[in-house]
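Student: Quick one: structure below, then a few questions.
The values are calculated or read from the model by the stated rules, or taken from the named source; none is laboratory data. The shown structure was predicted, so the numbers you read here are calculated from the model rather than taken from an experiment. Glycine also receives a Cβ, built like all others from the backbone with ideal geometry; neighbour counts cover every protein chain displayed. What goes into the accessible areas is simple: the full protein's heavy atoms, side chains included, and nothing from ligands, DNA or RNA. Shrake-Rupley method; radii C 1.70, N 1.55, O 1.52, S 1.80 Å.
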Amino acid sequence: MKIKEIVSALERFAPLPLQDGFDNAGLQIGLTEAEATGALLCLDVTEAVLDEAIALGYNLVISHHPLIFKGYKSITGKDYVERCILKAIKNDIVIYSAHTNLDNAQGGVNYKIAEKIGLKNLKVLEPKENSLVKLVTFVPYAQADSVREALFAAGCGNIGNYDSCSYNLKGEGTFRANEGAHPFCGAIGELHHEDEVRIETILPIYKKAEVVKALLSVHPYEEPAFDLYPLQNDWSQAGSGIVGELDDSETELEFLKRIKKIFEVGCVRHNKLTGREIQKVALCGGAGAFLLPQAIRTGADVFITGEIKYHDYFGHEGDILMAEIGHYESEQYTKEIFYSIIRDLFPNFALQLSKINTNPIKYL
Ligand SMILES: [Zn+2]
């Protein structure tokens with residue numbers, strides 16, 4: 001199996017267009033045409049992680065955090081990133097990273113954290129905006145089913161836990177084919193009336209090219225009419241953070257102790273305990289403090305994230321319990337997502353979670 005097959009499996013799960021503007025998710029180093037000898041899964045790429053891959057004889061390292069974030073004018077080994085780049089190239093290792101695209105994807109980083117805590121009824125805390133498009137097209141009755149099916153196969157019509165969503169209205173289309181046209185129905189130079197179905201469906205904006213291509217390939221008309229409308233709806237299936245519910249409420253202390261254990265946190269930092277019961281939990285792996293206002297607005301009892309700045313703690317005792325569990329600690333189980341995506345598709349492929357704790361922060 002080629003490395004590019006694994007990369008495309010990861011990108012079907014967490015499409016690159018879902019990444020945030022600052023990010024550099026995707027292929028970092030290497031040639032994906034190579035046969036994959038095995039994949040090592042990690043949170044961060046370090047020299048020790050690359051040594052681990054080399055020792056295993058694996059030529060693919062898949063990380064959550066991208067190794068490369070900036071442009072380089074020289075690569076001389078003056079810092080750990082450059083040394084990793086040199087080591088990877090020298091040993092024919094491909095490095096691939098799924099970062100904020102995996103944070104924002106359904107089933108991504110925050111879903112994994114929620115699973116570890118045991119949350120139900122999950123909802124995205126801050127759904128993506130300006131990411132959806134409405135497609136409207138007009139198709140002769142007899143071809144409506146095949147056009148709809150092609151659109152759904154190309155990625156249209158997904159709303160929450162439903163697929164194949166569309167609205168269909170019967171009507172009449174008119175056209176006159178001029179000289180040089182090759183009309184599917186009607187005659188050259190004559191005004192034609194055709195019974196048509198107006199099909200409306202929804203798609204993520206990044207699938208536009210793929211969907212239009214599918215539409216043009218299946219629509220019977222020489223010049224299919226279609227409209228694409230930008231939508232102001234939030235995309236409730238993609239975005240930052242998660243909010244969910246516990247089956248049974250817990251006291252603040254019970255909850256914090258449980259979190260400390262699950263995520264093996266050296267020290268959980270939190271704001272003042274006020275005696276509230278914890279039932280509704282908002283969370284975001286990594287540096288998620290920017291979601292505190294959304295967590296408060298959604299009525300969560302607690303907000304858990306990897307990093308919170310000192311000043312951000314002030315003044316929220318009455319709003320919410322805030323708990324900071326460490327960046328590495330919060331995202332460490334991301335490796336398990338890579339594992340299940342690849343294992344499901346390629347059951348016999350050599351695959352291993354890195355045994356190296358790459359957390360640079362230690363607790364005294
Ligand atoms: Zn992170």
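Student: Testing Leu10 on (1) within 16 Å of the ligand (Cβ to nearest atom); (2) under 19 Å from Val109 (Cα atoms); (3) of a type in the set (A, V, I, L, M, F, W, C), one condition comes back false. Which one is that?
Tutor: Answer for Leu10: the failing condition is (1).
Student: Collect the residues in the range 286-303 that are within 16 Å of the ligand (Cβ to nearest atom) and either open to solvent by 30 Å² or more (accessible area, probe 1.4 Å) or in a loop (DSSP other than H, G, I, E, B) (or both), keeping them in residue-number order.
Tutor: Within the range 286-303, the subset within 16 Å of the ligand (Cβ to nearest atom) is 286-291.
Result: Gly286, Ala287, Gly288, Phe290.
Student: Check every one of the strands (runs of 3 or more DSSP E) wholly within the range 169-268 and list those with 2 or more residues that are more than 30 Å from Tyr313 (Cα to Cα) and open to solvent by less than 50 Å² (accessible area, probe 1.4 Å).
Tutor: 191-204
Student: Could you check the range 161-215 and list, in sequence order, the residues that are in contact (Cβ under 8 Å) with a residue 12 or more places away in the chain and acidic (Asp, Glu)?
Tutor: Hits for the range 161-215 are Glu172, Glu190, Glu194, Asp195, Glu196, Glu200, Glu210.
Student: Sticking with this one: Being assigned to a strand (DSSP E or B) and either within 16 Å of the ligand (Cβ to nearest atom) or among the hydrophobic types (A, V, I, L, M, F, W, C) (or both) is the filter here; which residues of the range 269-285 pass it?
Tutor: Passing the criteria: Ile278, Val281, Ala282, Leu283, Cys284.
Student: If I ask for residues that are closer than 23 Å to Thr32 by Cα and open to solvent by less than 10 Å² (accessible area, probe 1.4 Å), which ones from the range 91-104 would you list?
Tutor: Ile93, Val94, Ile95, Tyr96, Ser97, Ala98, Thr100, Asn101, Leu102, listed by residue number.
Student: Report the residue count in the range 110-157 for those that are over 30 Å from Phe290 (Cβ atoms), of a type in the set (Lys, Arg) and not in a helix (DSSP H, G or I). Please lay out each step first, then the result.
Tutor: Here is the first cut: in the range 110-157, the ones over 30 Å from Phe290 (Cβ atoms) are 135-154, 156-157.
Next cut, of a type in the set (Lys, Arg) only: 148.
Checking which are not in a helix (DSSP H, G or I) leaves us with none.
Residues that pass the stated criteria total 0.
Student: Can you confirm whether Glu52 is touching a strand residue (DSSP E or B) at 6+ places or on another chain (Cβ under 8 Å), open to solvent by 10 Å² or more (accessible area, probe 1.4 Å) and closer than 22 Å to Thr334 by Cα? Outline the logic, then answer.
Tutor: Details: touching a strand residue (DSSP E or B) at 6+ places or on another chain (Cβ under 8 Å): yes; open to solvent by 10 Å² or more (accessible area, probe 1.4 Å): yes; closer than 22 Å to Thr334 by Cα: yes.
Considered against the rule, which asks whether it is touching a strand residue (DSSP E or B) at 6+ places or on another chain (Cβ under 8 Å), open to solvent by 10 Å² or more (accessible area, probe 1.4 Å) and closer than 22 Å to Thr334 by Cα, Glu52 comes out as yes.
Student: When the residues of the range 98-109 are narrowed to those that are more than 11 Å from the ligand (Cβ to nearest atom) and either in contact with a strand residue (DSSP E or B) (Cβ under 6 Å, 6 or more places away or on another chain) or among the acidic types (Asp, Glu) (or both), which ends up farthest from Ile29 (Cα to Cα)?
Tutor: Per the stated criteria, the residue is Gln106.
Student: Can you pull out the residues in the range 111-152 that are open to solvent by 80 Å² or more (accessible area, probe 1.4 Å) and either touching a helix residue (DSSP H, G or I) at 6+ places or on another chain (Cβ under 7 Å) or farther than 27 Å from Asp20 by Cα (or both)?
Tutor: Answer for the range 111-152, where residues must be open to solvent by 80 Å² or more (accessible area, probe 1.4 Å) and either touching a helix residue (DSSP H, G or I) at 6+ places or on another chain (Cβ under 7 Å) or farther than 27 Å from Asp20 by Cα (or both): Tyr141, Ala142, Asp145, Glu149.
Student: Within the bounds of the range 61-68, is there any residue that is buried (at least 24 other Cβ atoms within 10 Å of the Cβ), within 16 Å of the ligand (Cβ to nearest atom) and among the hydroxyl-bearing types (Ser, Thr, Tyr)?
Tutor: Yes, some residue in the range 61-68 is buried (at least 24 other Cβ atoms within 10 Å of the Cβ), within 16 Å of the ligand (Cβ to nearest atom) and among the hydroxyl-bearing types (Ser, Thr, Tyr).
Student: Let me ask another. So in the range 336-348, with the set limited to residues that are over 14 Å from Lys4 (Cα atoms) and part of a loop (DSSP other than H, G, I, E, B), which one is least open to solvent (accessible area, probe 1.4 Å)?
Tutor: Checked the range 336-348; the qualifying residue least open to solvent (accessible area, probe 1.4 Å) is Pro347.
Student: Next question, about the same structure. Among the residues of the range 22-60 satisfying the criterion of being of a type in the set (Val, Ile, Thr) and away from the ligand (no atom under 16 Å from the Cβ), which is nearest to Leu10 (Cα to Cα)?
Tutor: By that ranking, first place goes to Thr32.
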